[in-house]
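Encoded as structure tokens, the structure appears first; notes follow it.
The values are calculated or read from the model by the stated rules, or taken from the named source; none is laboratory data. Treat the numbers as computed from the prediction; the structure is a model and nothing was measured. Note that we place each Cβ from the backbone using ideal geometry, even for glycine, and neighbour counts take in every protein chain shown. Keep in mind that these areas ignore ligands, DNA and RNA; they rest on the heavy atoms of the full protein, side chains included. Shrake-Rupley method; radii C 1.70, N 1.55, O 1.52, S 1.80 Å.
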Amino acid sequence: MKREIRDNINVAYTLHDMNVISFEINNNDLIMRTQSGIVETIPPYRQLDGYVEFHAINWDFSYVYMLGVSGNVSTFTGKKMFLKDFIERYPVFGFCVMDETYGYNMTKYCGYLMVQRKHCECVIEIYHEGDMVFVLKE
């Protein structure tokens, strides 16, 4: 397996338009799996089989925001919960990544969540004091 640590400036892979289907917790590490791997951000933009690891998660600062019905500009209702609580409460879900933001110790995904037959806009914030690693199956 090839392992590549994410660079904060020039990210080599993207999850844009990928469907996240599971989170696996291993102590303070997190594995995030998508339905169809990850995509290179440089030509030839290959779609590769793989997943993402986050090391040394700070669970007290990792959240999921579920923002009601999507599509219109207006007021909204929603729910904020700890990422760990979301993972325990919703073992089966689909989260389509529309945007990725990378910062110091923080990875943020925005997109659309389908859980328990309900659809909403969603933001997932992962605060990790360790590396974010793209793991590629060769």
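Seen from Lys108, the other residues with C-beta closer than 12 Å to its C-beta sum to a net charge of -3, counting Lys and Arg as +1 and Asp and Glu as -1. Other residues within the sphere of radius under 14 Å centred on the Cβ of Asn27, judged by their own Cβ, net out at -3 (K and R +1, D and E -1).
In this structure the amide hydrogen of Asn58, modeled in the peptide plane, comes within under 5 Å of the amide hydrogens of Tyr127, His128, Glu129, none closer than 5 places in sequence on its chain. Taking amide hydrogens as placed 1.01 Å from N in the peptide plane, the amide H of Met18 sits under 5 Å from those of Val97, each at least 5 positions away in sequence or on another chain. Exposure check, 1.4 Å probe, all protein chains in place: Ser22 carries approximately 30 Å² of accessible surface.
Coupling constants for the stretch 130-137 follow from the phi torsions by the Karplus curve (6.51 cos²θ - 1.76 cosθ + 1.60, θ = phi - 60°), and in residue order they are x, 6, 9, 10, 8, 9, 10, 7 Hz; glycine and proline get x. Share of carbon and sulfur in the accessible area of the chain stands at 51%, probe radius 1.4 Å.
Given springs between every Cα pair under 10 Å in a Gaussian network model of the chain, which of Glu88, Glu100, Glu53 has the largest fluctuation? Evaluated over the chain, the most mobile residue of the options is Glu88. Projected onto planes of every orientation and averaged, the convex hull of the alpha-carbon atoms in the stretch 47-138 covers 7.1 nm². Average accessible surface for the chain: 58 Å² per residue, computed with a 1.4 Å probe over protein heavy atoms with every protein chain in place.
The solvent-accessible area of Thr101, taken with every protein chain present and a 1.4 Å probe, is close to 70 Å².
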